[in-house]
Amino acid sequence: MATIIDGNATAATIREELKKEVAELKERTGKVPGLGVVLVGARKDSETYVRMKGKAAEEVGINFILKKFPAEITQEELIKEVRALNDDESVHGLIVQLPLPSHINEKAVLEQVGLAKDADGFDPLNIGMLAMKGHTPLSVPCTPRACMELLARYNIDIDGKRAVVLGRSNIVGTPVALMLLHKNATVTICHSRTKDPAAICREADIIVAAIGQPEYVKGDWVKPGAAVIDVGINSVPDASRKAGYRLVGDVAFNEAKEVAGAITPVPGGVGPMTVCMLLKQTLESAKRVYSAAQ
Ligand code: GUN
């Protein structure tokens, strides 16, 4: 049976590390990192993610500045609010929780977050620097960084291995493929037009599943001993649960864990690590400001 990659335990370890670093920064500069979060509307999932970010920030000593707006806010007004946070010197990392209501152009709003404060790593310049050899982005998307951190902390070899990424989103699939490539994996990206993804997955030493389809990757898609990183968070109806649903990943966990060498569960795998990477990048932004000032 596979090693279960424990995202909760690893995230707790990283929060301890971050807490020490935040305290050191405060000791040295008198400053505390600040994370600004913009939340528009009342989507339950977004509210849950933002609550988790706030709780984790507080735990490590990062100042959490939450600005909530009604779903009816105009694009113009929202842009003004994001700009104001971007101009605030106590805010070192600034994110806009996605998705935004459909009357708002996400790109126009995200453009107001300056490169230096882009803790989500969504800025096209950061993505461009991630893509190009010889460049180092200031921040990278948090979920891909979380996947890479789990592989590193569980000593999973990437160099020379075959990696298959399922999904090609800007936030996960494409950046995680680039990160695996930089670590010398031979990378294949599967997407909605890919023929026979099962056969491609069977060749993989590392599978990263990020397609948002419940239990899409079956146990017999996994090569014996492969590492499986499941980014999916899908709710499926379950009458046996009080909530009436349960969360499952993009991988059929119970089947895959019998074959894989290591696998992340859902929940408790990549999710808690993603929040840690956001905090880490906020701290890194603050450190850049104060080391440049000294
Ligand atoms: N919505 C879903 N994932 C994310 C994320 O990583 N960052 C933000 N800002 N919104 C999201």
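Data for the structure
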| quantity | calculated |
| --- | --- |
| Where a label projected 7 Å from the Cα of His191 along Cα→Cβ would reach, residues of segment 211-251 with amide N under 15 Å | 211-212 |
| Within the chain, percent of DSSP bridges classed antiparallel, to nearest 5 | 10 percent |
| Per-pair calculated FRET efficiency, R0 = 41 Å: Glu106 and Met1 via Cβ, rounded to 0.05 | 0.45 |
| Leading residue at positive end of dipole, segment 29-136 (Cβ point charges), from Pro124, Met52, His135 | Met52 |
| Computed FRET value (nearest 0.05) for Arg153 with Lys242, which takes r as the C-beta separation and R₀ as 30 Å | 0.35 |
| Kirkwood Rh, Cα atoms: Rg over Rh of segment 155-200 | 0.98 |
| Euclidean distance of C-alpha centroids, segment 243-294 and segment 25-58, integer Å | 16 Å |
| log₁₀ of I(q)/I(0) at q = 0.14, 0.15, 0.19, 0.25 Å⁻¹ - segment 1-97, Debye sum with one point per alpha carbon | -0.64, -0.71, -0.96, -1.27 |
| Computed helical MRE - 222 nm, the chain, DSSP H runs ≥ 4 contributing -39500 (n - 2.57), nearest 500 | -13000 deg cm²/dmol |
| Largest to smallest principal axis extent of the C-alpha atoms in segment 173-294, angstrom | 56, 42, 28 |
| Extreme residue, positive dipole direction of the chain, given options Ile171, Leu94, Thr264 (C-beta unit charges) | Thr264 |
| Burial order of peptide ranges 268-275, 218-225 (average beta-carbon count within 10 Å, highest first) | 268-275, 218-225 |
| Table column - 3J(HN,Hα) (Hz), segment 152-165, Karplus curve with 6.51, -1.76, 1.60, x for Gly and Pro | 5, 6, 9, 6, 8, 5, 10, 4, x, 8, 8, 10, 10, 9 |
| Three-way shape call for segment 47-104 based on the alpha-carbon gyration tensor, with the a/c threshold at 1.5 | oblate |
| Stokes-Einstein D in µm²/s, Kirkwood radius over Cα pairs - segment 231-294 at 25 °C with 0.890 mPa s viscosity | 168 µm²/s |
| Over segment 101-202 - Rg/Rh using Cα atoms and the Kirkwood inverse-distance radius | 1.02 |
| Cα pair distances in the chain, grouped into 10 Å bins until the bin that holds the longest one, percent each | 6, 27, 34, 24, 8, 1 |
| Peptides ranked, highest mean first, by Cβ atoms within 10 Å: ranges 226-233, 85-92, 179-186 | 226-233, 179-186, 85-92 |
| Point-charge dipole on Cβ atoms (K/R +1, D/E -1) for the chain, about Cα centre, debye to 20 | 140 debye |
| Separation of the Asn8 and Arg202 label points, Cα + 7 Å toward Cβ, nm | 3.6 nm |
| Karplus-derived HN-Hα couplings along segment 113-127 (A = 6.51, B = -1.76, C = 1.60, θ = phi - 60°), whole Hz, x at Gly and Pro | 8, x, 3, 5, 10, 6, 5, 7, x, 8, 4, x, 5, 5, 5 |
| Table column - 3J(HN,Hα) (Hz), segment 246-257, Karplus curve with 6.51, -1.76, 1.60, x for Gly and Pro | 9, 9, 10, x, 8, 10, 6, 4, 4, 6, 5, 5 |
| Potential lengthening between Glu255 and Thr74 on full extension [0.36 nm per residue; Cα-Cα distance subtracted] | 60.4 nm |
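Values in this text are rule-based calculations from the coordinates and carry no lab data. Source: prediction; values computed, not measured. Counting neighbours? That spans all protein chains shown, and the Cβs are built from the backbone with ideal geometry, glycine included.
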